[in-house]
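Note sheet for the following structure.
The values are calculated or read from the model by the stated rules, or taken from the named source; none is laboratory data. Since the structure is predicted, the reported quantities are computational estimates derived from the model, not experimental observations. Glycine also receives a Cβ, built like all others from the backbone with ideal geometry; neighbour counts cover every protein chain displayed.
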Amino acid sequence: MPITRKLIVLFASAALGVGAIAPAFAQTDTGATGAAASAAKPTKEQRKQARKEARAKKNAELKKLEDAGYKPTANDPNYPQDIQNAEKKAGIGQGASQ
């Protein structure tokens with residue numbers, strides 16, 4: 001009986017020790033790499049400009065598709081085929097299905 005109790009205490013101690021050490025390995029060094037990462041981070045104005053450009057690109061592509069005959073609706077039974085036809089007609093890259 002005393003040997004079993006000693007083994008339980010030993011395993012519990014080992015588990016607690018490993019549990020306390022493991023988080024130390026997960027931490028990263030924020031010295032030089034942290035400074036480099038913050039220097040490469042875009043400013044708020046740059047992020048705003050990137051969002052505007054992405055939105056304009058998306059809206060231009062949607063306009064081309066609509067001009068080519070695509071009519072986006074909430075419940076379209078021909079959805080995959082009609083947008084693929086409009087993409088071919090407008091010369092826009094093929095969808096993810098091909």
Notebook entry, point to check: Taking the range 67-87, which residues are part of a helix (DSSP H, G or I) and over 29 Å from the mean Cα position of the chain (by Cα)?
Noted result: Asp67, Asn85
Item checked: Which listed residue, of Gly95, Gly69, Gly17, is surrounded by 10 or more Cβ atoms within 10 Å (Cβ to Cβ), in contact with a helix residue (DSSP H, G or I) (Cβ under 7 Å, 6 or more places away or on another chain) and at pLDDT below 75 -> Gly95
